[in-house]
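Nothing in this text is a laboratory measurement; each read-out follows from the coordinates by a stated rule. Since this is a predicted model, take the numbers as computed values, not measurements. Cβ placement follows ideal geometry from the backbone for every residue including glycine, while neighbour counts extend to all protein chains displayed.
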Amino acid sequence: MKKRVLSGIRATGRLHLGNYLGAVKGMLELQKNPEYETFYMVADLHTLTTPYDKNTLSQSVRDVIIDYLAAGLDPKKSVLFVQSHVPEHLELAYLFSTVTTVAKMQHLPTFKEKVKQYPENVTMALLNYPVLMASDILIYKASLVPVGIDQEPHLEVTREIARRMNQEYGTDFPEPKRFATKGEYIPSLTGEGKMSKTVEGSYINLTDDLPIIKSKIAKIPTDAGKGSEIVGGVKTLMEFVELFEGLEEREGLERLYKTTGVRYSEIKEKLAGAIYRELEPIQKRRAELEKDPEYVDRVIREGAEKARKVAQETVAEVREKMGLR
Ligand code: ATP
Ligand code: MG
C-alpha cells in the first residue's frame with residue numbers, strides 16, 4: 001500500500017505567504033512523489049472553533065479550494081476535499097476523545113494562544129481541536145503531514161492518540177511525522193509572532209498585487225539601517241529576502257548592516273518585486289479558475305466521494321475493534 005499524506009487549511013481568510021511556504025509548498029512536493037497518496041482538505045469544521053461569519057463561510061471554503069488549484073494542487077493526483085463533507089471525521093474524533101485527557105488539551109500552547117486571542121470563545125470545540133485533527137490525519141492512516149512548525153504540538157497529540165488506540169484496541173495507526181519545508185515559520189509583518197490569517201496586518205495574501213505587496217512590505221518596522229545585532233522587523237525582512245532572493249542576498253545585506261549600513265527603501269522595493277514574481281503565475285491561474293465554477297464544483301464533489309470511501313473503512317474498523325457492533 002502507498003504511504004498516505006494529509007494536510008488542511010482553515011477557511012478563516014485568504015491564503016497568505018505563511019500558508020503557501022509552510023504548508024502548500026510541502027503539499028505540492030509530496031503530490032509529485034509517486035510513493036505517496038495525498039489527501040488535502042479545507043478544514044471548515046476547524047474554522048468553527050474561532051468566531052466566523054456563517055454567511056460567507058461557504059465562499060471562504062471555495063476560495064481555499066481555488067487557491068489550492070491555482071497553486072498547483074491537481075485533483076488527478078491528490079484528493080482535494082472539504083472536511084465537513086466527510087462526517088466520519090467527527091465520529092472518529094469522538095472515539096479518539098475517549099483516550100484523550102482534558103488536562104493534556106488545556107496545556108497545549110495553541111489552545112492557550114487562542115484563549116488569549118478570543119477570551120470570550122473558549123468552547124469545547126476549541127479544546128477538542130487537536131482531537132479532531134488527529135482524526136483528520138489518522139482516518140486516512142496518513143504517516144506524513146505537510147504543515148508549518150506551529151502545528152507540531154498537535155502532531156504530538158496525534159502520535160499519542162495513535163499509540164493509545166493501538167495499545168488499547170489493536171488498531172494499526174501510524175505515528176505521523178511533520179513534513180517540513182524551508183518556510184516552516186513565516187514571521188508576521190508586524191515583527192511579532194507568526195503570519196496568521198486572523199491577525200490583521202500580519203500577512204501578504206497570495207492574491208495581493210504589486211502595489212499592495214509594496215505597501216505591506218513598507219510597513220515592516222525597521223531601524224536606522226545599521227547595527228551589531230539583527231532583531232525584530234529587520235530580522236523578518238532578512239528572512240523574506242532569504243526566502244525570495246536567496247541566502248547569498250541575505251548574507252550580503254547582513255554584512256552591510258553590520259558595517260556601512262543598508263537602505264531599506266531599496267531592499268523593500270526589490271523584495272516586493274521578487275515576491276510578486278512568485279505569486280503572479282498563481283494569480284493568473286486563479287483568474288482562469290474563477291471563470292469555470294462547474295469545474296470547481298466537480299473537484300469538490302469528487303474529492304468528497306474519494307475521501308469518504310477511505311474514511312468509512314477506517315471508522316468501520318475502529319468501531320468493530322472498540323466493541324461497537
Ligand atoms: P488562523 O489565524 O485562522 O489560525 P493560519 O494563518 O494560522 O490561520 P491555518 O489554517 O491555521 O492558518 O494553517 C494552515 C497551514 O498553514 C498549517 O499547516 C500551518 O502550520 C501553516 N501556517 C500557518 N501560518 C504559518 C506561518 N506563519 N508560517 C508557516 N506556516 C504557517
Ligand atoms: Mg492557525
Q: Using only the Cα atoms of the stretch 1-48, build the gyration tensor, take square roots of its eigenvalues as a ≥ b ≥ c, and label the shape rounded, prolate or oblate: rounded if a/c is under 1.5, else prolate if a/b is larger than b/c, else oblate.
A: oblate
(Q) Connecting C-alpha atoms closer than 10 Å in a GNM of the chain, tell me which of GLU290, GLU239, GLU120 has the biggest fluctuation. (A) GLU120
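Counting only C-alpha contacts under 8 Å and six or more residues apart, can you give the relative contact order of the stretch 210-288 as a whole percent?
38
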Q | Simple label model, 7 Å out from Cα along Cβ direction - SER58 to LYS284, nm | A | 3.3
Q: At most 10 other Cβ atoms within 10 Å and a DSSP loop assignment: could you name the trypsin sites (Lys or Arg not before Pro) in the stretch 188-291 that fit?
A: ARG263, LYS291
Q) Which of rounded, prolate, oblate describes the chain, given a ≥ b ≥ c as roots of the alpha-carbon gyration tensor eigenvalues and a/c under 1.5 marking rounded, otherwise prolate only if a/b is larger than b/c? A) prolate
Q. What list of whole percents do you get for P(r) of the stretch 210-288, with Cα-Cα distances grouped in 10 Å bins up to the one holding the largest distance?
A. 18, 50, 22, 7, 2
(Q) Tell me the volume per residue, in Å³, of the convex hull enclosing the alpha carbons of the stretch 100-209. (A) 124
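Take the alpha carbon gyration tensor of the stretch 37-163, find the square roots of its eigenvalues, order them as a ≥ b ≥ c, and report rounded if a/c is under 1.5; if not, report prolate when a/b exceeds b/c, else oblate.
oblate
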Q.
Need the C-alpha centroid separation for the stretch 278-309 versus the stretch 93-120, integer Å.
A. 33
Q) How about the stretch 1-57: which trypsin sites (Lys or Arg not before Pro) there are in a DSSP loop, with at most 11 other Cβ atoms within 10 Å of their Cβ? A) LYS2, LYS54
Q: Of the listed pairs LYS114/LYS321; LYS104/LYS197; LYS177/LYS216; LYS54/LYS216; LYS116/LYS284; LYS114/LYS216, which have alpha-carbon separations greater than 32 Å here?
A: LYS114/LYS321; LYS177/LYS216; LYS116/LYS284
Q. Can you tell which of SER58, SER97, SER196 shows the greatest fluctuation in a Gaussian network model of the chain with Cα springs below 10 Å?
A. SER58
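Please report the antiparallel percentage of DSSP beta bridges with both residues in the chain, rounded to the nearest 5.
10
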Q. Listed here are the pairs LYS25/LYS306; LYS194/LYS258; LYS77/LYS270; LYS112/LYS270; which of them are more than 32 Å apart at the Cα?
A. LYS77/LYS270; LYS112/LYS270
